[in-house]
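Below is one structure, written out as C-alpha cells, with a few remarks after it.
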Amino acid sequence: KITVGILALQGAFMEHKFHLQKAIRHASPGSPLDTTKFEIIEVRTQEQLASADALVIPGGESTAISLIAERTGLLEPLRQFVRVDRKPVWGTCAGLILLSDEASRAKKGGQELIGGLHVRCQRNHFGRQTESFVCNLPLPFVGDDEPPFSAVFIRAPIVEKVLTGADATADVTEGVVRAPNLDVDSYKHAQIEVISSLPRTQGKEAGDIVAVRQGNIFGTSFHPELTPDVRLHRWWLQECVLRKK
Ligand code: GLN
C-alpha cells in the first residue's frame, strides 16, 4: 500500500485530493494504479507526514504555507522528508516555490523554503492575479494523437535558473531567499530534467521552464488540479509506484 499525503495547511489541497482519487478510480485495468492500493491523506501534523510515502504540496500562497508549517513544527520534518528521506514529492505553483533551493522576488523573513530542487524560481513571474492565463503545454505523456494538456497559471512562478554547486556556495543575491543547509555535494550528482517549457502563447516569450524533475522531486508552475484532466496526477502516481518498487 502507498500512502499519499497532501500538505493541507493552505491552498488548493482538496482539489488535489479529488484529482488523486479520480486518477486511481479511473485507472486502466491491469495498470500499476489499478493493481496498487493507495490511501490518500491530508497532512497537517508530523505524525501524518511520517505516515506518508509520497507528498503533494499544493498551490496557494507560499508565504502562508511556510509560515503555518513553521508554526506547526512541520518545516524541518518536511525538509527531512524531501531532502534526506528523498520520498516522492510534487509541488505545484506555491509548492514549487517551497521546494526550490532559492526563490527570487520572495519576502525575506516572510518566506522559508523547504528546498531540495537545485533551482532558483521566480515568484509571480507573469504578474498579478489578473494576468492569469491558460495554455496548452507539451508534456512527455501526452501523445500527438491525444487531447492537449490545458494548464492553468495563476500568479505562477517559473524556474529562472538551474543552480550549480558554485551558485549554492556564493553569497545570496539581493532579493533572493535560500533554503538553509544546502548540501553542496548533492549538486555534483543531481540531474535536473526539464519536463516542460512554455510554448509561444498570448504574447509571452517561449521557453520559460514550467515543469522540472530532480530525482524524487517534481515541480510544476501551473495548477493541474483546476481542470478536469487527471493525466498528470496519474503520471505522477505511477512514478511513485515505480520508485517504491
Ligand atoms: N504567487 C504565489 C506565491 O508566491 C503562488 C501562486 C499559486 O500557488 N497559484 O506563493
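Read the figures in this text as sums done on the coordinates, not as results from a lab. Just so it is clear, the structure is predicted and the values come from calculations on it, not from any experiment. Don't worry about glycine lacking a Cβ; one is built from the backbone with ideal geometry, like all the others, and counts go over all protein chains shown.
The table that follows gives values for the structure above.
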| quantity | calculated |
| --- | --- |
| Any hit, segment 135-151, residues being in contact with a strand residue (DSSP E or B) (Cβ under 6 Å, 6 or more places away or on another chain), closer than 29 Å to ARG83 by Cα, within 15 Å of the ligand (Cβ to nearest atom) and in contact (Cβ under 8 Å) with a residue 40 or more places away in the chain | yes |
| Set LEU232, LEU237, LEU242, LEU226: member being surrounded by fewer than 17 Cβ atoms within 10 Å (Cβ to Cβ), in contact (Cβ under 8 Å) with a residue 60 or more places away in the chain and either on the phi < 0 side of the Ramachandran plot or under 16 Å from the mean Cα position of the chain (by Cα) (or both) | LEU242 |
| Matching residues in segment 114-130 - criterion: being of a type outside the set (Phe, Trp, Tyr) and either within 11 Å of the ligand (Cβ to nearest atom) or in a strand (DSSP E or B) (or both) | LEU117, HIS118, VAL119, ARG120, CYS121, GLN122, ARG123, ASN124, HIS125, GLY127, ARG128, GLN129 |
| Candidates GLU76, GLU102, GLU112 - the one that is surrounded by 24 or more Cβ atoms within 10 Å (Cβ to Cβ) and of a type in the set (D, E, K, R) | GLU102 |
| Pairs, first hydroxyl-bearing (Ser, Thr, Tyr) in segment 1-30, second assigned to a strand (DSSP E or B) and more than 15 Å from the ligand (Cβ to nearest atom), C-beta under 7 Å, six or more apart | THR3/GLU39; THR3/ILE41 |
| Enumerated helices (runs of 4 or more DSSP H) restricted to segment 16-80, each holding at least 1 residues that are within 16 Å of the ligand (Cβ to nearest atom) | 62-71, 75-79 |
| Residue within segment 98-105 that is more than 9 Å from the ligand (Cβ to nearest atom) and more than 21 Å from ASP185 (Cα to Cα) present | yes |
| Hits in segment 149-179 (condition: surrounded by fewer than 14 Cβ atoms within 10 Å (Cβ to Cβ) and in a loop (DSSP other than H, G, I, E, B)) | ALA170, ASP171, VAL172, THR173, GLU174, GLY175 |
